[in-house]
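One structure is given below, encoded as structure tokens.
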Amino acid sequence: MSVETASVFLSLLALLALAIAAASVVLTEVAARRPDGAAAEVLVGVRPMALPLAWAIATVATLGSLYYSEIAHFTPCKLCWYQRIAMYPLAVILGLAAIRRDRSVRAYAMPVAGIGLVVALYHSWLQANPDSSSTFCTLEAPCTTRHVWELGFVSIPFMAACGFAAVLALLASGAPDE
Amino acid sequence: MSNRPRPTPRSAVARSAAEQRRRQAAGPSAPTGRGRVPFVVGGVLAAVVLLALLVAVRVTATDTTAGQARPSGTVVRGEHVYGDVRVSGQALPAPPEDPTAVDPAVGQAAPVLTGEDFAGREVRIGGDGQPTLVLFVAHWCPHCQKEVPLLQAEFDTHGKPPGVRLVTVSTSATADRPNFPPAAWLVREGWTVETLADTQAGKAANAFGIGGFPFFVAIDRSGTVVARRSGELPISEFLGLADRARAGSTAGTTGSPSPPGTTAGTAVPPGR
């Protein structure tokens, strides 16, 4: 698989993660407003999938990140490293929590995913608007360099933002008493 | 320490029995109602992931053949990434960090470069008695990626600035950075400016003391540096640099942008 093919594939997966995040938020909100409605029924049905799905998303994001640095040989910039610091542990602790069915992991995982989301959103904005930080590139690996730019807006940090958002939304969809 | 198995708590036994009764009441293993939802959602997600993979393979297979077309008018040819570069003369110092400070390279003799383009044809920069504007670009730099089409659109519409030789130096080429190789990028942009391929170590860039990308060096007909600029330039400032190379003024020039159509202390014809 070429780097271009992998980038299109990962971009589409990122959009899928974004759709999962949106669906999760909408379902949780509607179910909270109408506890006896159909949304609440569906939410109870899919709730057991939330942790495994969040783990799968964090794992795919981690593997995608490693693919870009170790196989495609893209040099990670400073902001890329901050997002890696947030995403890589999620792939481990969400996996363990999914096996143990331990939803209390939310208290530890959500702040990490939240920090990752903030950095990823800032980095996405920087890559979409490279002139906002400066009008020239330094000789090192600048954070404005777009290694990937699919569909006119999907960059690597945008993919990370979708992953963090999906993990956050899925973790938030669990009942507080679980 | 005893090896006897720990007795199961009574409450756990009761829960287990209740669970078993519930399962028996639910009948054979086929999930129904609410229990079916994870299977449906999981199946849909797996199908969407598979579809995404198929789309990615299909789309990129089409792109590979579509990207080969070379825009008409381009002078960039060849597939080399790096070229041999010979430098004669003293290397220029790095530009000052403060953009308003006086650039120490202004007034110095520019080094003369002899190298080759992406096809291995000889390219010389300097030593020919022509006012010259040199543009250093890096294929991975988003500011260079914006500047090149901006300039090419100007050349296509109004032509190149008269009386000034334009030369590009492709430098800092790295296979692990995006938009590689540089020749393919410049061909794609229909770039009509003669281009020298720098060495892998950036010999040409080092000789001109570049501090960022894109980087512009204006040289007058005597081979003296009259101005250096780094960063994206609007067309008016680019033409202003060309004017300064043509006019050959060096007095009091700094690294900061000058008002369009002027040089320090010397009026020059306004840019287009």
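One table, with the values for the structure above:
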{"item": "Residue ID - surrounded by the most Cβ atoms within 10 Å (Cβ to Cβ), chosen from residues in the stretch B:218-233 that are more than 10 Å from every other protein chain (Cβ to nearest Cβ) and either of a type in the set (Lys, Arg) or within 19 Å of the chain's Cα centre (by Cα) (or both)", "result": "B:ARG228"}
{"item": "B:GLY211 vs. criteria under 19 Å from B:GLY115 (Cβ atoms), within 14 Å of chain A (Cβ to nearest Cβ) and in contact (Cβ under 8 Å) with a residue 24 or more places away in the chain", "result": "no"}
{"item": "Residue tally, condition within 13 Å of chain A (Cβ to nearest Cβ) and either hydrophobic (A, V, I, L, M, F, W, C) or surrounded by fewer than 19 Cβ atoms within 10 Å (Cβ to Cβ) (or both), over the stretch B:186-203", "result": "1"}
{"item": "Of the criteria (1) over 19 Å from the mean Cα position of the chain (by Cα); (2) more than 9 Å from chain B (Cβ to nearest Cβ), which one A:VAL44 fails", "result": "(2)"}
{"item": "A:ALA22 being surrounded by 21 or more Cβ atoms within 10 Å (Cβ to Cβ), out of contact with any strand residue (DSSP E or B) (no Cβ under 7 Å at 6 or more places or on another chain) and more than 8 Å from chain B (Cβ to nearest Cβ)", "result": "no"}
{"item": "One residue from A:LEU43, A:LEU53, A:LEU94 being out of contact with any Phe, Trp or Tyr (no Cβ under 9 Å at 6 or more places or on another chain), buried (at least 20 other Cβ atoms within 10 Å of the Cβ) and farther than 16 Å from A:CYS162 by Cα", "result": "A:LEU43"}
{"item": "Listing of strands (runs of 3 or more DSSP E) fully contained in the stretch B:131-227 that carry 2 or more residues being touching a Lys or Arg at 6+ places or on another chain (Cβ under 7 Å) and within 22 Å of B:GLN90 (Cα to Cα)", "result": "B:215-219"}
{"item": "Which numbered condition B:PHE155 fails, given (1) surrounded by 18 or more Cβ atoms within 10 Å (Cβ to Cβ); (2) without any contact (Cβ under 8 Å) to a residue 40 or more places away in the chain", "result": "(1)"}
{"item": "Test: B:GLN152 is over 21 Å from B:ALA109 (Cα atoms) and of a type in the set (S, T, N, Q)", "result": "yes"}
{"item": "Selected residue (only one of B:GLY107, B:GLY159, B:GLY163, B:GLY127 is at pLDDT below 95, under 15 Å from B:ARG229 (Cα atoms) and more than 14 Å from every other protein chain (Cβ to nearest Cβ))", "result": "B:GLY107"}
{"item": "Test: residue in the stretch A:133-150 that is over 17 Å from B:CYS141 (Cβ atoms), in contact (Cβ under 8 Å) with a residue 12 or more places away in the chain and either in contact with a helix residue (DSSP H, G or I) (Cβ under 6 Å, 6 or more places away or on another chain) or more than 14 Å from chain B (Cβ to nearest Cβ) (or both)", "result": "yes"}
{"item": "Some residue of the stretch B:132-147 being basic (Lys, Arg) and either at pLDDT 95 or above or in contact with a strand residue (DSSP E or B) (Cβ under 7 Å, 6 or more places away or on another chain) (or both)", "result": "no"}
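So that you can scan it fast, the table gives a plain yes or no per residue for (1) in a loop (DSSP other than H, G, I, E, B); (2) at pLDDT below 90:
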position	(1), (2)
B:ARG70	yes, yes
B:VAL87	no, no
B:GLN90	yes, no
B:ASP98	yes, yes
B:VAL123	no, no
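The values are calculated or read from the model by the stated rules, or taken from the named source; none is laboratory data. Computed from a prediction, not measured in an experiment: that's the story for all the values here. Heads up, the Cβs are rebuilt from the backbone with ideal geometry, glycines too, and the neighbour counts pull from every protein chain shown.
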